[in-house]
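Working notes, structure below.
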2 protein chains.
Amino acid sequence: MSQADDIIRKIQDGSIKIGIIGLGYVGLPLAVSFARKGIEVLGFEKSAKKAESVSAGKNYIGDIQDEELAAVVKGGKLSATTDFPRIRECDALIICVPTPLDKFKKPDMSYIEASCVEIGKHMKRCTFISLESTTYPTTTEDFMKPIIERESGMKEAVDFWLCFSPERVDPGNRTYKTENTPKVVGGLGEDAQRIAMALYGKAIQHLYPVSSPRAAEMVKILENTYRLINISLINELALLSGRMDINIWEVIEAAKSKPYGFQAFYPGPGIGGHCIPLDPFFLEYIAKGFNFDLTMINAAGNINNLMPYRMMNKIAFALNRHKKAMNGSRILFLGVAYKPDIDDPRESPAILVMEQVAHKGAEVSYHDPHIAEIVDEHGRSWKSVDLTDEAISNADCVVFTTNHSIFDVDRIVEKARLVVDMRNAVKRTHIEDGKVFKL
Amino acid sequence: MSQADDIIRKIQDGSIKIGIIGLGYVGLPLAVSFARKGIEVLGFEKSAKKAESVSAGKNYIGDIQDEELAAVVKGGKLSATTDFPRIRECDALIICVPTPLDKFKKPDMSYIEASCVEIGKHMKRCTFISLESTTYPTTTEDFMKPIIERESGMKEAVDFWLCFSPERVDPGNRTYKTENTPKVVGGLGEDAQRIAMALYGKAIQHLYPVSSPRAAEMVKILENTYRLINISLINELALLSGRMDINIWEVIEAAKSKPYGFQAFYPGPGIGGHCIPLDPFFLEYIAKGFNFDLTMINAAGNINNLMPYRMMNKIAFALNRHKKAMNGSRILFLGVAYKPDIDDPRESPAILVMEQVAHKGAEVSYHDPHIAEIVDEHGRSWKSVDLTDEAISNADCVVFTTNHSIFDVDRIVEKARLVVDMRNAVKRTHIEDGKVFKL
């Protein structure tokens, strides 16, 4: 029996132990999914607070049911630690750490690198290692593998196996969770792929195998680049439509009546979240290494970088119609989450607009029923204000930046002096009417 | 009873007479649809040959059943003429003429203009006029209306009504034809919209009203701009993937396993047909008048302009692997239609590639089971050759430019010396293997 068959046997009889590195919105749901199938999972976290919370059965991720986490911890199938040498206890390791971009849109690979160093130092022979973090194609083969080989003195495909399998977590999606979202799996070599399919097959209902890690890496980038360029296109068309007195929201709804070949995207103050604003720039980064400029991503990035400034202008010129300067005006923003009905302000364009407007001298406040406080990158913090009639009517301008479904739009428009609507919260055909100004 | 009510009454009791200007792939199916509902239709055509053909009940459009056309002509509901003064017989006029771009991607409005001049000269008072030709937003209000008012001496909304309702014909689509494809309707003013809804409702199952002609004009542009930029993105990613040894076709299929938020587009030698390569540039044209540069469309246009040249390079370097120069090599192209299983070579990128390859000294031939002969813009003509074993094996390189489903790919690959596959005709993971080179 080969060593790959040995690990597959352990997967099949349930005796395998999985280590999951990084217990965030990707790693923790995955850990719970495996543990629910009776597999022992050890979570690795740099944050002692998170590790303790998990080991105590306390949940901190919106997409996990509290009781589910508590049950698998109580059943002894899931625990967490900050003690990375315990990697040697595991037969399989899944890396779910963040891959942010720095200020210059260069990938910050330090979390993956640190994980690979710990793995190389501590893993036992014949460990299977899968990366889930979004990254540029070639990372698994050309970045991970050399680090692990160097640190461990072992050889890939002989002493350990590698795989890339991109996470597809969509926070707040009520239909598609970790277990029922099809998962793309790209093992490096046949043995790695056989192990990967057996392992993920334990927790995930549908697997989609591809021929290599780099193909799997490209899949995730393609999915999010598709979204970036389509949101950018519709933002650009929204700005043009504004000049041409065309309501872009009406146009999009009408285009949706085409029964084939169209998917609707909507404009807004920019792109937020942890995927769409980031992933395409991983590809742009590696493409430069291949002497290749990605002109579509570049154009899309420019449009989105500009949107918050365009939105600041929109507010300024709406105030101008009321013969007010932005400097000294009171502006109330509604919604700072990056999409409706979630509590996540990461990369939210609303915050960029608020910063710009504050920088021009406005008195800025915000209300978000899901986010009590935000801190911007300069360390400035805002607390959500109550959405009283007084708060609305005192503002020189009320701005819809996120279309939370809880907002009572009619009441807000009635009480407000001036409304700038970046999310089609106010259903009107005219794009401006003296009181409501639509993107 | 208002004059608008009068025309609506005629629509309802079936006594209205409709004139359709332009009996091409848009106008003729529409004419048949109205005639099938018992409404009298008079087609106007500059081409005597087409007009005679229609009046004789002879069909020349792929998406129409021969018997349907024959039946409505025989029943006296449809006839055609070259005699534009007969416009005065009609209560409603629908313009279905082409709007090409010239060589410099400037809209050629001459067909719409000529139609409007004829209408203005000959129409009777209280005529309803709808434009279906794809064009830039504001055309109906700012281009059509002044011409008709000038030529007729009549006043829009008083003496005649205007509407824009974009055609959505997808040649070869077996599910969605004229009658069951939802139709966007943008009348200018309330009366025009009421008439438009009543009129189109006679022939089309689902109507989608919008608030203005310019919104309707933008809908069509949005639909096709969406397609242009997504095809351009995937072409750009295909070129990068080639350098990175990633099979883009495999990546696209894997991305399709994502159950939400993704729509697949496929790379190829460029974009063809009569809509996608043209429509976005109508918007680019009018945007310049609003001091607006559409950077996404611009980037997308650049990529597509380059694709035929990139494909010529691909063929040249595949030949180079076999130590052959393009100059003097025999190259056989398979498929010159712009999409599979149709007989339309308009704007087909295959022809552009053939021209470039011929220009570099290759001996070019093609086979297309649906297109017997093509003539390029320089007047050079090619005739389709038979796809014999000898024709395949004599070629230094066989190129898949259109993926007609009738092609016996296995046989072609077996007999060929070298294959360049721009359409994923050959299902393989490796993007090159010495014999087959995939885009």
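Please treat every number below as a calculation from the coordinates, not as lab data. Values in this document were obtained by computation on a predicted structure and should not be read as measured data. In this analysis, Cβ positions are derived from the backbone assuming ideal geometry, glycine residues included, and neighbour counts consider all displayed protein chains.
Qualifying trypsin sites (Lys or Arg not before Pro) in segment B:65-144, where qualification requires a DSSP coil assignment and no more than 13 other C-beta atoms within 10 Å, comprise B:103, B:125.
Rounded to the nearest 500, what is the 222 nm mean residue ellipticity of chain B from helices alone, with -39500 (n - 2.57) per DSSP H run of 4+ residues and division by all residues? Don't skip to the end; give the middle numbers.
Working: 14 runs with 174 residues, N = 439.
That comes out to -12500 deg cm²/dmol.
Short to long, the 20 Å bins of the Cα pair-distance histogram for chain A hold 24, 49, 25, 3, 0 percent of all pairs. Compactness of the protein assembly as shown is given as radius of gyration and Dmax, 30.8, 93 Å, from Cα positions. Out of B:280, B:259, B:112, whose Cα points farthest toward the positive end of the dipole of chain B (charges: +1 Lys, Arg; -1 Asp, Glu; placed on Cβ)? Of the candidates, B:259 comes out farthest on the positive side. Build a GNM of chain B with springs between Cα atoms under 10 Å: which of B:23, B:418, B:239 gets the top mean-square fluctuation? Top of the fluctuation ranking is B:239. The GluC sites (Glu not before Pro) of segment A:377-439 that DSSP puts in a loop, and whose beta carbon has at most 14 other beta carbons within 10 Å, are A:377. Here the contact order of chain B, divided by its residue count and restricted to Cα pairs under 8 Å and six or more residues apart, works out to 11 percent. Residues whose amide H comes within less than 5 Å of that of residue B:94, counting only those at least five positions distant or on another chain, are B:19, B:20, B:21, B:130 (H built at 1.01 Å from N in the peptide plane).
Per residue of B:297-305, how many C-beta atoms from partner chains lie within 10 Å of its own C-beta, taken as a mean? Write out the running numbers ahead of the final one.
Details: counts 4, 2, 9, 5, 0, 3, 3, 0, 0.
Mean inter-chain Cβ contacts per residue within 10 Å come to 3.
The simple spin-label model puts a point 7 Å past each Cα toward its Cβ; for residue A:377 and residue A:6 those points are separated by 4.9 nm. Dipole size of chain B about its Cα centre, with +1 on Lys/Arg Cβ and -1 on Asp/Glu Cβ: approximately 400 debye, rounded to the nearest 20.
Taking other C-beta atoms within 10 angstrom as a stand-in for reagent exposure, B:322, B:274 fall in the order B:322, B:274, fewest first.
Taking square-rooted eigenvalues a ≥ b ≥ c of the alpha carbon gyration tensor, is segment A:3-210 rounded, prolate or oblate, where a/c under 1.5 means rounded and, failing that, a/b exceeding b/c means prolate?
In terms of gyration-tensor shape, rounded.
Note on chain A: with a GNM built from Cα contacts shorter than 10 Å, the maximum mean-square fluctuation among A:41, A:419, A:385 falls on A:385.
Take residue B:48, move 7 Å from Cα toward the beta carbon, and the resulting point lies 9.7 nm from the same point in each other copy, nearest first.
For residue A:17, a cut-off of 17 angstrom between C-alpha atoms picks up these aspartates and glutamates, skipping any fewer than 8 places away in its own chain: A:5, A:6, A:40, A:45, A:83, A:89, A:91.
For segment A:211-252, the list of trypsin sites (Lys or Arg not before Pro) that fall in a loop by DSSP and count at most 10 other C-beta atoms within 10 angstrom is empty.
In segment A:227-438, the DSSP beta bridges split such that about 20 percent are antiparallel, to the nearest 5. Distances from residue A:125 to itself in the other copies, using label points 7 Å out along the Cα-Cβ axis, amount to 10.1 nm in increasing order.
Ordered from longest to shortest, the equivalent ellipsoid semi-axes for segment B:227-438 are 28, 21, 16 Å, each the square root of 5 times a Cα gyration tensor eigenvalue.
Across identical copies of the chain, residue B:377 has label-point separations of 4.5 nm, listed in ascending order, with the point defined 7 angstrom from Cα along Cα→Cβ. For residue A:80, the amide hydrogen comes within under 5 Å of the amide hydrogens of A:43, A:55, counting only partners 5 or more places away or on other chains and with H modelled in the peptide plane. In terms of its C-alpha gyration tensor, segment B:1-109 comes out oblate, because a/c is 1.5 or above while a/b does not outweigh b/c. Put simply, the amide H of residue B:362, placed in the peptide plane, has neighbours under 5 Å in B:328, leaving out anything fewer than 5 places away on its chain. Each of A:127, A:225 was scored by other Cβ atoms within 10 Å of its Cβ. Listed from fewest to most, they are A:127, A:225.
Mind checking B:177-185 for the average number of partner chain beta-carbons within 10 Å of each residue's beta-carbon?
So the per-residue partner count for this stretch is 2.
With q set to 0.15 Å⁻¹, the log10 of I(q)/I(0) for segment B:336-414, from the Debye formula over equal scatterers at the Cα positions, is -0.51. Classified by the C-alpha gyration tensor, segment B:212-263 has an oblate form. Its axis ratio a/c, with a ≥ b ≥ c, is 1.5 or above, and a/b does not exceed b/c.
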